Each structure stands twice: as C-alpha cells, then as structure tokens.
Amino acid sequence: MSKRSLTTVLASAAIAAITASCLNVSVHAATKKPDSPAAVTGGRQLWNGYSVFFQHPPILEFKVAEAAEYKATATFDGKTLELGFLSHHNGPRVDLTPIWDKIPANSIVKVECTALGKAKNSKLKETDSRTFMKTAPFRAGSYPPPKEDYTRAALRIYDYVFDSPALKAFRETGKPDKSYKKNCYPSKMYSSLILMCERYAAARPERRREVLDFAYLLADYLISIAQPAGTPLEYLPPTYALGFGHPVAKQYAGQTMMHYPAQAGTALAALARYSKGDSPERSAKYLDFAEKIAGTFLRLQGEDGTWYARLSEKTGLPDVMKNTEDVRVRKAGGVDVTRNRAIPLSMIKMFESLYALTGKAEYRKAADKAAAYMERPDGPLSTYNWEGQFEDGPPTPPYMNLTMNFPCGYATWRLARSPGDKAVVKSMRKLLSFIEDQFVVWERPVTADGKYLTRNDCPQMDENWAWRVLTAPEWHVPGVMEQFDCYNPIDCHTAKTAKLYMALYKACGEKEYREKAKALCDSIVNATPDDGNMPTHWMGKYGEKWENWYNCMIETAMTLEELAKDL
C-alpha cells in the first residue's frame, strides 16, 4: 500500500489519539477532582476485566455501589498501601501508577475497593476486589545467549517439518496422512507449508525439485477440496476436515472461519509468483484460483470493511454454534457471539498480495476498506477488543479472550506500510505496550517462595485456561503467550513479537527494542531440539503428549531466518 493510500484510510493522528484513550497504562494520575471516564478511556468499558498478569501499572474498574467516597487498598507481600481513584463509571476506577514501583516483580497483588456512605437501595455490593500478578520487566543482559546460529536453527526446523513422517506420507500417497491430527485444519496447515516451500527450496537448492513438487501437491489438494462453484462460499478451501480423529473438526464441521481461506489465497498468490519460472501454466492456474477466492471475499465484505468471523458453508450466514460444554458460545452480556466480526489482517494481506501481482484496483480498494475497519469506533484499535479468533476455540464476548496475535501482526504490517510516519510509530509503540503487558513473560511468573496464580486467588481467570497458568514453574522463558485461552509461552508468538520489536527498533532507533528482539530469538534457539522438532507449547512436558503445529514451527523458523542478519 502506498503511503498516500494508507494515509487516506488511516489518519495517523486519529490512531494515536484513539490508542492513547484505550491503553491500560495510566495517562492521568489520580487527583482530588478525577478525570471523567471519557478523558480516561473514551467512556468505554476497560479491556482488562479478565486480566491476571500486568507488567505496566493498570487502571482497574470495580463494581461497587455509587458513593460519595471510596477506599482503595493494594496488598502484597504482607504490606498494604492506600490508593486514590480516577472516576466513577461502571464503578470507581483505581490507578496503580503511584505505587507501582513499590511492588516487587512477581508479586501477587490484591486490590480492594470499598464504597463509603453507600447510596440507599443499591443492588451493588459494598466491596469488590481484584487479584493479579505483577510480572517481571525486561532485564537487559540477564538472558542466556543462543546455543547456535539463528540460520542453522531455522534450517533444522525446516528439515524436520519437510521430512516428518506425516509429510513424507503425504508426498508418497498424494493424500494427507491420518496420523497427524492437525491435518484437520487444511487451509491453515497447507497454506503455511506452501509459504515454507519457497524458503526451503532456496535454503536446500539440491532439493528444489521435490520441494516445488510438494508445493504443487499442496496447492492442488486445497483447490480440490474447496467449496464448489455456485455455493454460498464458492472456491473457499475449508477450515475443517473430518477423518483425522480431531474433536475440534467434528465440533465445528460445516463452518468456515474466514481468516483461513484468506491465508490460502495468499499462499496460492505466493506460489503463483515463485513458480512462474518453473511452470508458467501452474503459476497461471494458482493465480486464477487465488483470484476466485478473493472474488468470494469481495462479495461478502461488509459495509464496515470486514466479515463475520464464522460462516456456515451451507448458507453463507453466521452459523448457530453447536452444543459444547463451553458456555461462551452462547449469548453473554447481551452479545450474540455468533455475529462477531473478523479482525481482517489475513484478508488485507491476501488483497495486497493480489494487487501486487495483478494491479487490479478492486483489490487495493478492498484492502483499504478492511484496513479502515481497524480504526473505526467499533474496530479493535479503538475498542482494544483484540479477540482471540482461532479455529480451535469458540467466539467470545468482548475482552474475555484477548490475544497478542492480531495486534502484533497489525503493528508490524502498519509500520512497514508507513515508514517514517512518527504518529504511526507512536501509536504502534503503545500497541506493543499492550502486548508486552499481557503476553510477554521475561521470567517465570512465580513468586520468590514458589507461589503462582490460581482461580482461588483470581476469580476472573477463566477455568478454560487456568490449567495452563498452573504450569508456570515449568515454562521456558523468555517467551510470549498467545491468548488468554492458551495462556502459556508459544514458539511462533515469541517469534512474531521479536519481529515487531525489531520493526520498532528500525522505526525509532530505541536500542531496548533490539535487545528485546534478540532475547526472544535467543530463547527460541535455546528451545529448539537437536532434531528440529520445535515444541509449540513451552510448558514443561506438554510436548510429550501433544503434537506440535507445523504452521507454528514454520513461522518461527522464518522469523529466525529473517532476523539473523540484524541480530
């Protein structure tokens, strides 16, 4: 996207103002005449209602009766400190900035707010509380150096993926191997593998022929299983496939999660580009099908610039969620989660890749429209409702399942599209602050005496992800967690965040960003086994029981390869 085009879509000053209004980091200190809710958060609900970790001082909202006065305290390590409050919105908002430096890292903190002189006939309670852990900050120079060169580690991961038993069987039979259950996610897995093939063919030129042939096999297979012409979601490769023994595919069978066919479109466009010299006929075939996928997305794009996150293959409409033990798939708090809107980063990338290949104006227009959604008043850059929209989890009400995946990818993309734009840099630094606050763990989140958070301490911790936090004493760190529902360090999200740190270092020259990128990449290298089978979940013995994700391994290896020359 040209700088002029993007500026038309996203007014940089507006982005900075919107982001500042929604950040958890305090902008206004508590005073005798506290700021109005609009001055602090734009009058919106705070995004951190389910948060259990903070690196930066939060503003917390309490549901207590409206009163003339409030008493707020923070207790940690046997100490209690008094706090002021900012405003009364849904309840008083308490700012921890004044005492934050007095709280040691890796401390469990309980904040209580009490209404004094409670109003009569109030249905709200008099005292409310929140418990969380203050996680450790970055400590330059305190992390282990890498055990080997980044490029060598990346190549070992590529080698493992390409020669894994499941992919060998795929190449030999022409069909996905049923022993690898993650084959139930065809669009996600095969798109990632197609993108890897370009890198791997360059890294292993002696294997170029078999690598390209595998890329063609993957692409042809995706095309063969796509929705038929004339159906509501024509040409879209499926998100789920049955026959691999995975319960998630059975649970969501018949639905398409819109991120993943967009990823397939991007992968086919990439294959059309890098196969042109090898096979012009195949190149044309893959470009044609990528454009067919894009055509369906053009038809379904909403006036707001985005799409429903999940659609029924039969109707092309938001699907009724199937019975599940997870109550979050139901209406919650007046929100019908079946109508959640997609965070359209994958769609933007697909349209941009096709615009680069074809120059067709409709792709530029669709990408701009999707980009504009990001900063609408109801878009994620405004609301900070960065929902964890992944194929193996249900849609959720606002803020229940935040992720770093989309804001991290968006910030990296945004910086690349507006080089030298100081307002954009400022805004993306604040977005990184949100990511770092909620998802980056520089040390294991365990107290000095070995305690870690549980649901008994922290009722806002959802039971669906609490068990991962209980493994904190075994986490490999430094690392980056994916989403609240998958709240433990993950290889590819550590890589994705390292890439953003490096992008910001190049944009503003702040040396600590480079140091953080290096610490995360060094950690990735040190987590890479000798055979290259990179664990997806960095939580002790988890990898012994669960299959690793090829797409995660590939993104991790690609990032190591990309950042090797800089770090």
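The values are calculated or read from the model by the stated rules, or taken from the named source; none is laboratory data. Quick caveat: nothing in here was measured; it's all calculated off a predicted structure. Virtual Cβ from ideal backbone geometry, glycine too; neighbours counted across all protein chains shown.
Does Gly295 qualify as being free of Cβ contacts under 8 Å to residues at least 60 places away in the same chain and either out of contact with any Gly (no Cβ under 7 Å at 6 or more places or on another chain) or in a helix (DSSP H, G or I) (or both)? Spelling it out, it is not the case that Gly295 is free of Cβ contacts under 8 Å to residues at least 60 places away in the same chain and either out of contact with any Gly (no Cβ under 7 Å at 6 or more places or on another chain) or in a helix (DSSP H, G or I) (or both).
Within segment 287-310, not a single residue is in contact with a Ser or Thr (Cβ under 6 Å, 6 or more places away or on another chain) and either modelled with pLDDT of 95 or more or closer than 17 Å to Ala215 by Cβ (or both).
Evaluation of Met400 against the conditions (1) in a loop (DSSP other than H, G, I, E, B); (2) modelled with pLDDT under 95; (3) hydrophobic (A, V, I, L, M, F, W, C); (4) surrounded by fewer than 22 Cβ atoms within 10 Å (Cβ to Cβ) shows that the sole unmet condition is (4). When restricted to residues that are of a type in the set (Val, Ile, Thr) and touching a residue at least 40 places away in the same chain (Cβ under 8 Å), segment 155-173 contains 2.
Could you run through segment 543-567 and say how many residues are surrounded by fewer than 16 Cβ atoms within 10 Å (Cβ to Cβ) and either touching a His at 6+ places or on another chain (Cβ under 8 Å) or farther than 19 Å from Ala201 by Cα (or both)? Selection size over segment 543-567: 6.
Among the conditions (1) modelled with pLDDT under 95; (2) in a loop (DSSP other than H, G, I, E, B); (3) more than 30 Å from Val424 (Cα to Cα); (4) aliphatic (A, V, I, L, M), Ala105 misses just one, which is (1).
The requirement of being among the polar types (S, T, N, Q), at pLDDT below 95 and either touching a helix residue (DSSP H, G or I) at 6+ places or on another chain (Cβ under 9 Å) or closer than 20 Å to Leu453 by Cα (or both) is satisfied by Ser87.
Taking the criterion of being in a strand (DSSP E or B) and either touching a Lys or Arg at 6+ places or on another chain (Cβ under 6 Å) or of a type in the set (Gly, Ala, Ser) (or both), the residues of segment 55-72 that qualify are Ile59, Leu60, Glu61, Ala67, Ala68, Ala72.
When the criteria are applied in full, Ala154 meets the requirement of being under 23 Å from Pro529 (Cα atoms), buried (at least 23 other Cβ atoms within 10 Å of the Cβ) and small (Gly, Ala, Ser).
Being in a strand (DSSP E or B), over 24 Å from Arg455 (Cα atoms) and charged (D, E, K, R) is not true of Lys120. Scanning segment 483-499 for residues that are in a helix (DSSP H, G or I), closer than 18 Å to Asn548 by Cβ and of a type outside the set (D, E, K, R) yields Cys492, His493, Thr494, Ala495. Selection of segment 509-554 for residues being in contact with a Leu (Cβ under 9 Å, 6 or more places away or on another chain), touching a residue at least 40 places away in the same chain (Cβ under 8 Å) and of a type in the set (D, E, K, R) yields Arg514, Lys518, Asp522. Going by what's in this entry, would Ala267 be described as touching a Leu at 6+ places or on another chain (Cβ under 8 Å), closer than 21 Å to Tyr410 by Cβ, touching a residue at least 12 places away in the same chain (Cβ under 8 Å) and in a helix (DSSP H, G or I)? When the stated conditions are applied, Ala267 passes them. Being buried (at least 21 other Cβ atoms within 10 Å of the Cβ), outside any helix (DSSP H, G or I), of a type outside the set (Lys, Arg) and in contact with a Pro (Cβ under 9 Å, 6 or more places away or on another chain), is that true of even one residue in segment 446-460? Yes, because at least one residue in segment 446-460 is buried (at least 21 other Cβ atoms within 10 Å of the Cβ), outside any helix (DSSP H, G or I), of a type outside the set (Lys, Arg) and in contact with a Pro (Cβ under 9 Å, 6 or more places away or on another chain).
For the structure I just gave you, tell me whether Tyr235 is touching a Ser or Thr at 6+ places or on another chain (Cβ under 7 Å), assigned by TED's automatic domain parsing to the domain that holds Glu198 and surrounded by fewer than 24 Cβ atoms within 10 Å (Cβ to Cβ). Yes.
Conditions (1) outside the structural domain of Asp319 (by TED's automatic domain parsing); (2) over 21 Å from Pro394 (Cβ atoms); (3) in contact (Cβ under 8 Å) with a residue 60 or more places away in the chain, marked per residue:
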site	(1), (2), (3)
Phe244	no, no, yes
Gln255	no, no, yes
Leu271	no, yes, yes
Lys276	no, yes, no
Ser283	no, yes, no
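Looking across segment 206-232 at every residue that is in contact with a Phe, Trp or Tyr (Cβ under 8 Å, 6 or more places away or on another chain) and surrounded by fewer than 16 Cβ atoms within 10 Å (Cβ to Cβ), the one that is nearest to Cys184 (Cα to Cα) is identified as Ala229. In segment 311-321, the qualifying residues are those that are surrounded by 15 or more Cβ atoms within 10 Å (Cβ to Cβ) and more than 15 Å from Gln227 (Cα to Cα), and the one that is modelled with the highest pLDDT is Pro318.
The residues of segment 520-538 that are aliphatic (A, V, I, L, M) and crowded, with 24+ Cβ neighbours inside 10 Å, listed by number, are Leu520, Ile524, Met534. Among the residues of segment 88-95, some residue qualifies, meaning at least one is in a loop (DSSP other than H, G, I, E, B), under 26 Å from Asp437 (Cβ atoms) and touching a Phe, Trp or Tyr at 6+ places or on another chain (Cβ under 9 Å).
Rundown of residues vs (1) modelled with pLDDT under 95; (2) outside any helix (DSSP H, G or I), yes/no style:
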site	(1), (2)
Arg414	no, no
Gln438	no, no
Arg444	no, yes
Arg468	yes, no
